[in-house]
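The values are calculated or read from the model by the stated rules, or taken from the named source; none is laboratory data. This structure is a prediction, so every number in the text was calculated from the model and none was measured. All Cβ positions, even for glycine, are placed from backbone atoms using ideal geometry, and neighbour counts span all protein chains on display. Areas reflect the complete protein model, heavy atoms only, side chains present, ligands, DNA and RNA absent. Shrake-Rupley method; radii C 1.70, N 1.55, O 1.52, S 1.80 Å.
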Protein chains: 2
Amino acid sequence: MTVQPTPDDLPEPLPEPAVDDIRLETVMGALSDPLRMGIVRKLLLESEQFDHPCGWFGLDRPKSSLTHHFKALREAGVTRQRQYGLERRSHVRVDDLNTRFPGLLDLVAAWTPASS
Amino acid sequence: MTVQPTPDDLPEPLPEPAVDDIRLETVMGALSDPLRMGIVRKLLLESEQFDHPCGWFGLDRPKSSLTHHFKALREAGVTRQRQYGLERRSHVRVDDLNTRFPGLLDLVAAWTPASS
DNA sequence: CATGCAGTACGATCGAACTCGTACAAGAAG
DNA sequence: CTTCTTGTACGAGTTCGATCGTACTGCATG
């Protein structure tokens with residue numbers, strides 16, 4: 001058995017809940033906002049590479065609003081954020097969420113924005 | 001092919017969204033409250049018979065608060081409510097939710113309240 | 001060091017939702 | 001009809017979250 005290679009070259013993740021502390025009702029509260037649901041869905045479907053800074057999403061909102069939403073996702077345990085120089089890049093905690101709430105991310109991936 | 005027997009003896013359901021109008025983010029918003037999550041979970045796990053009035057849940061809240069929460073669940077499309085004489089009984093729209101969001105109710109059934 | 005850029009922190013505003021008391025409606029039962 | 005029961009309607013108080021402007025930090029680059 002080989003030792004899992006520790007990615008020492010990666011920046012430390014910003015504060016986030018441990019896997020076992022992720023609560024389903026909190027995750028659902030984070031996803032109850034259509035903007036945040038769309039962020040997670042886009043990460044799931046289109047992030048071919050790795051993490052993405054919040055400018056990548058092309059959201060037409062002030063930066064201070066985006067900070068609020070990305071923080072909400074991270075503190076709920078849905079995403080992880082790392083600081084890469086200037087940028088704070090996000091990705092979905094896929095393994096953690098699939099372990100705790102299997103099937104949840106499939107629902108998010110299948111989501112479509114309201115037609116209104 | 002036999003005609004589906006229409007349950008004419010059942011009271012009409014209270015106003016609720018049609019199946020196709022149930023939105024995932026709205027459902028998640030309704031389930032982001034621990035009290036409501038517990039209501040749905042209890043309905044899923046313990047409702048051997050059919051519907052249940054809101055006294056059956058043994059919730060230690062004023063009646064006017066319970067009205068609010070049961071209405072939130074119904075208007076989100078999570079539950080259906082019918083008037084049986086005095087009582088307004090609820091059940092989960094299992095088929096509708098499994099059709100639109102397969103796996104979601106499994107997550108609710110597996111939910112456990114916060115340890116606090 | 002000066003400039004520019006990504007993003008945060010803080011605080012104000014505003015609307016929605018939670019909580020609850022009180023009064024009321026409507027069926028059930030004597 | 002009177003009373004009891006189940007639950008609603010309405011309204012007030014309060015909390016929470018969304019939005020956003022402004023000022024700021026921290027890194028990068030010249």
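Quick look at the values:
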read-out	value
Hits in the stretch B:63-82 (condition: near DNA strand D (Cβ under 8 Å from one of its atoms) and either of a type in the set (Gly, Ala, Ser) or more than 10 Å from the chain's Cα centre (by Cα) (or both))	B:Lys63, B:Ser64, B:Leu66, B:Thr67, B:His68
Verdict on B:His52 being away from DNA strand C (no atom under 16 Å from the Cβ) and over 22 Å from B:Met28 (Cα atoms)	yes
From the options A:Leu73, A:Leu107, residue that is within 14 Å of chain B (Cβ to nearest Cβ) and closer than 20 Å to A:Glu16 by Cβ	A:Leu73
Residue that is farthest from A:Glu12 (Cα to Cα) [pool: residues in the stretch A:88-116 that are touching a residue at least 40 places away in the same chain (Cβ under 8 Å) and assigned to a strand (DSSP E or B)]	A:Val92
Failed item, numbered, when B:Leu14 is tested on (1) within 14 Å of chain A (Cβ to nearest Cβ); (2) open to solvent by 20 Å² or more (accessible area, probe 1.4 Å)	(1)
Residue that is modelled with the lowest pLDDT, among those in the stretch A:75-92 that are open to solvent by less than 20 Å² (accessible area, probe 1.4 Å) and out of contact with any Leu (no Cβ under 6 Å at 6 or more places or on another chain)	A:Ser90
